[in-house]
Amino acid sequence: MPELSPDTDAALIAAARAYFAERRARVPGFVRERFGLRGTLRLHRHALGWDILKAPLNVMLSPVLILSRLAAWGAGRAGAPRIARWLASRRILLPTAVARATERAIVVDLLELPWDGPGRASERDALARAILANPTLARLVATRREAGAVSARALSDYGGTRSAVAEMTTALGTIGAGAVAFQSLTPGMVSFAPGLAAVLAQQAAIAAFPLGGLLGSAWYGVFPAVVSPWLTAGLTLGLVALGALVAAFAGVIADPVQAALGLHRRRLNRLIDAMEDAFTGEGRRGFAAREHYLARLLDLSDAGLAAIRLLTP
């Protein structure tokens, strides 16, 4: 790694900070254009394809992602930085077309850097212009060899947050549906399925009552129909698959809401902070994908409520 004088190093860092400050100034306009209703509809056109299959798989892989990140943190605390870096660099989630389109938009339109992925490269290169305006900035890039890898990992983790937010959006939908239909808390399809199975079993029993539907309603109002465990299991599997499918397009609703609440803006600023630290600091301020942990908490509460209802007579 080339050695730099303190004065030169300070100049390089100042030039890099100016570049990232310009990126932060572009965030509000970028969010309005890309994550408003029109922008997210354009973005989710990419979901019409293999994303429909990848979305359910990413739901199942999300716990593995959390475990790998926790293991990386533990290895770092235990004094094993190489293992920590290896674990942190693993890409667990399958890359979806929507996530790639989001990453491309961030790189090309927000960071104004050339896009090396699929598609046409941008002619705009803000970093190249900054280097030309201040050639010493090129030496900063040369002395921060791992900064590019750290930034790419942060960008990948940012793209992965979309699957977690989609899961949470679906969970909020089931909570609302459970509150209206069953007057109970249903933070996921697993806890929603038993209530739906009970309704279907009740309606089927009333329809099959030999003395007619009116007397059947009265009878099963006093003696509720027995719910088959096979019906509950089948509905659970079907609803989980449906929820994962819906998650592929949940961003159409989630993106405008997050934009209005400022969540997209704050998340992008955290991403830029992590990239800036990779180039100007010690690389310790990584991008934390907190949404995955919130999604897993919803999964645990969903499974816990379902277990309590199954065990409660």
* Asked: With each label point set 7 Å from Cα along the Cα-Cβ vector, what nm distance links A78 and L245?
  -> 4.3 nm
* Cβ under 15 Å from S163's Cβ, S163 left aside: what net charge do those residues give with Lys, Arg +1 and Asp, Glu -1? -> +1
* Structure fact -> Note, A247: beta-carbon cut-off 11 Å, +1 each Lys/Arg, -1 each Asp/Glu, net 0
* Asked: Using every alpha carbon pair in region 186-313, what percent of pairs falls into each 10 Å bin from 0 up to the bin containing the largest distance?
  -> 11, 25, 23, 18, 12, 6, 3, 1
* Structure fact -> Applied in sequence order to region 20-35, the curve 6.51 cos²θ - 1.76 cosθ + 1.60 (Karplus, θ = phi - 60°) yields integer Hz couplings, x standing for Gly and Pro, of 5, 5, 5, 5, 4, 5, 8, 4, x, x, 4, 5, 4, 6, 8, 10
* region 155-217 to region 45-111: how many Å between their Cα centroids? -> 30 Å
* Which ordering of F287, F249 is given by a fewest-first count of other beta-carbon atoms within 10 Å? -> F249, F287
* Tell me, what ³J(HN,Hα) does each residue in region 103-109 have, in order and in whole Hz, if you take phi through Karplus 6.51 cos²θ - 1.76 cosθ + 1.60 with θ = phi - 60° and put x for Gly and Pro? -> 4, 4, 4, 5, 5, 7, 8
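Computed from the coordinates by the stated procedures, all read-outs in this text should not be read as laboratory data. All figures in this text were calculated on a predicted structure; none of them were measured in a lab. Note that each Cβ is placed from the backbone with ideal geometry, even for glycine, and that neighbours are counted across all protein chains shown.
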